[in-house]
Amino acid sequence: GENVEQHPSTLSVQEGDSAVIKCTYSDSASNYFPWYKQELGKRPQLIIDIRSNVGEKKDQRIAVTLNKTAKHFSLHITETQPEDSAVYFCAAVPYSGGYQKVTFGTGTKLQVIP
Amino acid sequence: DAGITQSPRYKITETGRQVTLMCHQTWSHSYMFWYRQDLGHGLRLIYYSAAADITDKGEVPDGYVVSRSKTENFPLTLESATRSQTSVYFCASSLQLRNEQFFGPGTRLTVL
């Protein structure tokens, strides 16, 4: 099956700085990579996703990049704000094969210091 | 989000008891999922369902049973609860496997 590793597990940045979270995956059949944000005591919610036919996707201050050759994808948050403080999860989903399941990373706790 | 609900929201039970967690979605999504969330482990898939009457194991299925007789419901049963099953359980649904998952509010389960 798929294995997703996420780093770092915790990240502290000053307000206004950028934050980068990286995930690596093992299954070359994975072709859908979503990112979820979970605020304290809340449910996870999708913030951005990317499919393997695209190398980069942006949505305002958030961007995701994908390197299929190296099997890694990253979340970039620019001009961080206190409301960006949360736990972020990456995930990988295969296109085909027997293992048709979503595999999540273990999460990154981001703290934005005002 | 009112579209996917879980009940109960909190549950305390004892070792050896049977517990059923309910999940209901109103979007007619094909896929439904059960995850458990523990510190240091992120979200781990217990079971998922691609459609009514189609279910499959995830990463940590032992000790759990699911069924899906109707598209909108996906109950999770702990047949004989153990302390190691103390966790927060999230149900989720999506239109297709490679689409956004919408999570329920979660059920915090404590097994004494």
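The values are calculated or read from the model by the stated rules, or taken from the named source; none is laboratory data. As the structure is a prediction and not an experimental result, all values here were calculated from the model. Cβ coordinates were reconstructed from backbone atoms using ideal geometry, including for glycine residues, and neighbour counts include every protein chain displayed. These accessible areas exclude ligands, DNA and RNA; they are computed on the full protein's heavy atoms, side chains included. Shrake-Rupley method; radii C 1.70, N 1.55, O 1.52, S 1.80 Å.
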Checklist outcome for this item: A correct Stokes-Einstein calculation for the protein assembly as shown, using the alpha-carbon Kirkwood radius, 10 °C and 1.306 mPa s, returns a whole-number D in µm² s⁻¹ of 88 µm²/s
Checklist entry - Tell me, what is a quarter of the convex hull surface for the C-alpha atoms of region B:33-73, in nm² with one decimal? => result 3.0 nm²
Checklist entry - To the nearest 20 debye, what charge dipole does chain A have about its Cα centre, counting +1 at the Cβ of each Lys and Arg and -1 at the Cβ of each Asp and Glu? => result 320 debye
Checklist entry - What are the radius of gyration and Dmax of region B:30-107, computed over its Cα atoms and given in Å? => result 12.0, 34
Checklist outcome for this item: If every Lys and Arg gets +1 and every Asp and Glu gets -1 at its Cβ, then about the Cα centre the protein assembly as shown yields a dipole, in debye to the nearest 20, of 300 debye
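For the A and B pair, go ahead and give the buried accessible area with a 1.4 Å probe, both sides summed, in Å² to 100.
Values: alone 6540 and 6180 Å², together 10920 Å².
Protein heavy atoms only, the A-B interface buries about 1800 Å².
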Item to check | Inter-centroid distance (Cα atoms) of region A:1-27 relative to region B:54-93, Å | outcome: 28 Å
Checklist outcome for this item: For region A:1-47, the Cα convex hull volume per residue in Å³ comes to 120 Å³
Item to check | Gyration tensor over alpha-carbon atoms, chain A, equivalent ellipsoid semi-axes in Å | outcome: 25, 14, 11
Item to check | Percentage relative contact order, region B:48-112, counting C-alpha pairs under 8 Å, at least six apart | outcome: 24 percent
Checklist outcome for this item: One would report the antiparallel percent of DSSP beta bridges in the protein assembly as shown, rounded to the nearest 5, as 90 percent
Checklist outcome for this item: Regression test value, accessible area per residue of region B:16-98, probe 1.4 Å, units Å², expected 45 Å²
